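Engineer: Sharing a structure below in structure tokens format, with a few things to ask.
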Amino acid sequence: MKKEFLRAVTFVTVALLSCLVSLARQLNPKFVDIDTTKCYRITNALFNGGADGAIGIGALHSSDILVKYVSEEVELSNDCYWYIEKSDEVIRFRNKQTNEYLAYSPEKDYVTFINLALQKTPSAQTEWKIGVVNGFLTFYHSADVDYYLGVDESTGMVKSSKGVPEHSSKYFCLVDENGESLELPAATPFSAYINNLAFDGQRPVLEKRKMQLMFPLPTMYLEGGEYVPEVTFEAVDNAEYKLVTADKNSLSFENAASNGEYVIQLLRDGVKVAEAALVFSPLPIVEITTTLPEDKIKEYRSGTLRILNQTTPDSVAVEQNLPAFFRYRGATTLNYPKHSFNIKLKDKEGEELDTVFFNIRSRDKWIMDAMSIDQIKMRNRVCFDIWNSYSKTPYDTEYGGRNGTKGQFVEVILNGEYNGIYCFTDRIDRKLLDLKKYKMAVDSTITIRGVLYKSNLWDNTGLTNSQLNPNAEIDSVEWNNWELQYPDDFPGENSWGPLRNLYDVCSSSELQNNSSIYFYENNLIDFHILVMALNLIDNGNKNVFISNKNITKSNPFVFTPWDMDTSLGGYYDGRYSDGVYDVTEVADLRVHKNEPFATMWGYNVDMYREKLAARWNELKQTAFSVDSVQARLVDYSNLFTKCGAWEREYARWEVEEKYGCPTVENLKNEVALIVEWYKEQIQKVDRFISENATAIAPLEVAPLEEAPAYLLNGLKAPDNGVIGIIIKNGKKYYIRK
């Protein structure tokens, strides 16, 4: 394909005209990839998102309704399929069985038909035009353009009713006899003249609220320079077409990272025929097309996921376009209008479709985190970045011992409308933590091995028997406000038993006497420090995963953090900002009130305090140093403010909610104030640890080799070294692996 100048080619894809009909963008039938020799079901979005049923002839289905939607698959007969005849301007629907045309009628019966008729011969009344809205087709009469084809959900009557297509009853798909749906590419304001416009191999996204094209700016230009994309498209005719930046003779963008918007123009034989606004994003762009249920209903709906990525180091400038299922996620965050999503990927056979995004890992389930309660939209990601930098699983895994999520910030277009900055992340799951799969014997007996639990509330989850609800159902995936993440197919005594046993252990002297049997000490210390340093007021017993690699091997349990939006002075409802942040005392954090941390710290089990102090002396100069934490916050802040991304986020969600505005206007100022808060927080943690733990020399002070080393029991340390507390020259040192 030529660059910039292209001649007419064979068209096999859908093209969208730039003019609007109500809310729908018009499709040009000349470019619609409809095979006129095939038959299609005309399916409606009300019925499983357009996957089920079809428009048929009522008389052939024991109905007085003239044209009826047949929702039962077993009743789909030849009359539920239509040949689609098309010209340059209109299309016609001809029934496979009766050869009748679907026609608009000015008459209404209200019982058997509304503005719809069947005709034996083609006429002006059988001419329809095509539009597209929210990823679905709409059909409206070519003369009376306000009359859209629709389905009455209660009766199944197919009708032509007046009014813009704002409801899924007017959303349709075309599905051929092989079950394949007609694909709809993205629209551009140039679609009357050129189709499949792409920059560097990726099609820009059209944001319909402002009618802007959006595109990710390559990483190399985020600090400046002139960006000249490779432009490709398919032309409508034999004219010469060229895209240029306004006031230029070529398509080029100088210092795109700092400019908010450009105007690009389409020249036809040297004359401007169309123009559009173009904005760049410093982040990958994710386009989601789906029909979502009402707010707070967690129900998966089918759709498509399209990702444009030029802004990450692993980007190969190839867009990813996949079928997907979406549902709302979260609890408190559902009270806010900006919702998070769970994403599931499946192939055409309904099987899990593992896919790699942003070089994270190959998985079929992903999270689109809206960060609704965080006014700077980065706290959770910053905390996980810190955690991943210093703490690993106590055993090797395929993912380098990673014990937390990885994520990529993106900008999201939801059903054609800008929806803000999100974090696209993987999940804490069996594969990440390398938990052993259950075994099924020949007689179908199940042996549970790896287990994974997630705590959802403060109540009941502190690992002490006094907090247990003895009547909690143990044959469910939920028990005492814990959720069985794996093996969730087999809830019951065998799956919940290991966690139930931890309650007994932590409620007795067993934890003090044999803590290493049940927990990895280093993992506890790392988690304990994370909560204290970052002020995780909503963590400690809630928002945590507990896992065991293989309970049949008597492995200890591992803690993994989750949902750290309340960190760095934030609050669970997002109310704190502008220099006013949470000031919970370190001693009052929930980690000191719940097990096993309360016992390990309170009884100083196996010198737990001294070991924690030694680890803190190391980490406060590395992962938790002010410079390190500040750098993470500032780097994300700088990224968000490039190309106007934060302005778009603020403009989209500058709304008064339950506790006020959830997004600050001046991100850089807010980050600077949070850094000042953190400087005080790290000093508070330092004082708390030093006042409550025996003084231990910092790890960077090396003991004299010639001085003898002694254990705490007074015996001389072995020559081959020791892991733990030793004494040299009258000072205590903690030696780590």
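Each value in this text was obtained by applying a stated rule to the coordinates, not by laboratory testing. Keep in mind the model is a prediction, meaning the values are calculated, not measured. No Cβ is skipped: glycine too gets one built from the backbone with ideal geometry, and neighbour counts run over all protein chains shown.
Engineer: Within the stretch 326-362, list the GluC sites (Glu not before Pro) lying in a DSSP loop whose Cβ has at most 15 other Cβ atoms in a 10 Å radius.
Structural biologist: GLU349, GLU351
Engineer: If you keep only loop residues by DSSP, which trypsin sites (Lys or Arg not before Pro) in the stretch 145-211 have at most 15 other Cβ atoms within 10 Å of their Cβ?
Structural biologist: ARG209, LYS210
Engineer: Continuing with this model, one more query. Can you list which of the DSSP-assigned H helices in the chain have a Cα extent of 15 Å or more along the long axis and an average Kyte-Doolittle score of at least 0.5?
Structural biologist: Flagged H segments are 521-534.
Engineer: List the trypsin sites (Lys or Arg not before Pro) within the stretch 305-403 that fall in a DSSP loop (any state other than H, G, I, E or B) and whose Cβ has at most 11 other Cβ atoms within 10 Å.
Structural biologist: Sites meeting the loop and neighbour criteria: LYS348.
Engineer: Hey, with R₀ at 30 Å, roughly what FRET efficiency would GLU493 and LYS593 work out to, going by the Cβ-Cβ distance, to 0.05?
Structural biologist: With a Förster radius of 30 Å, E is 0.55.
Engineer: While we're on this one: Under a plain spin-label model, where a point goes 7 Å from the Cα along Cα-to-Cβ, how far apart in nm are LYS553 and ASN78?
Structural biologist: So the label points at LYS553 and ASN78 sit 6.4 nm apart.
Engineer: Using label points projected 7 Å from each Cα along Cα→Cβ, tell me how many nm separate GLU180 and ALA239, to one decimal.
Structural biologist: 3.3 nm
Engineer: Then there's this: Want the number for ALA59 to ASN692: 0.36 nm per residue separation, take away the alpha-carbon distance, what's left?
Structural biologist: Extending this stretch completely gives an extra 219.5 nm.
Engineer: Can you classify the stretch 462-543 as rounded, prolate or oblate using the Cα gyration tensor, where a ≥ b ≥ c are the square roots of its eigenvalues, rounded means a/c under 1.5, and otherwise it's prolate if a/b beats b/c and oblate if not?
Structural biologist: Note, shape of the stretch 462-543 comes out prolate.
Engineer: Quick one: 3J(HN,Hα) in Hz for the stretch 41-50, Karplus 6.51/-1.76/1.60 with θ = phi - 60°, rounded, Gly and Pro as x.
Structural biologist: Values, residue by residue: 7, 9, 9, 10, 5, 5, 10, 6, x, x Hz.
Engineer: How high is the FRET efficiency from GLU473 to VAL228, r the C-beta distance, R0 51 Å, rounded to 0.05?
Structural biologist: The value I calculate is 0.20.
Engineer: Determine the shape class of the stretch 34-176: with a ≥ b ≥ c the square roots of the Cα gyration tensor eigenvalues, call it rounded for a/c under 1.5, and otherwise prolate if a/b is greater than b/c, oblate otherwise.
Structural biologist: rounded
Engineer: Same structure again: What's log10 of I(q)/I(0) for the chain at q = 0.05, 0.09 Å⁻¹, Debye sum over Cα points only, no solvent?
Structural biologist: Scattering profile of the chain, log10 relative to I(0): -0.33, -0.92.
Engineer: Hey, another quick one. What's the center-to-center distance, using Cα atoms, between the stretch 554-592 and the stretch 231-269 in Å?
Structural biologist: Each part's Cα centre sits 49 Å from the other's.
Engineer: Given Cα positions, please report Rg to Rh for the stretch 251-313, the hydrodynamic radius being the Kirkwood one.
Structural biologist: When Rh is taken as the Kirkwood radius, the ratio is 1.15.
Engineer: Now, a different point. What pairs from LYS439/LYS542; LYS272/LYS642; LYS96/LYS129 go past 26 Å between their alpha carbons?
Structural biologist: LYS439/LYS542; LYS272/LYS642
Engineer: Structure shown: which of LYS346/LYS437; LYS431/LYS454; LYS431/LYS549 lie over 18 Å apart, alpha-carbon to alpha-carbon?
Structural biologist: LYS346/LYS437
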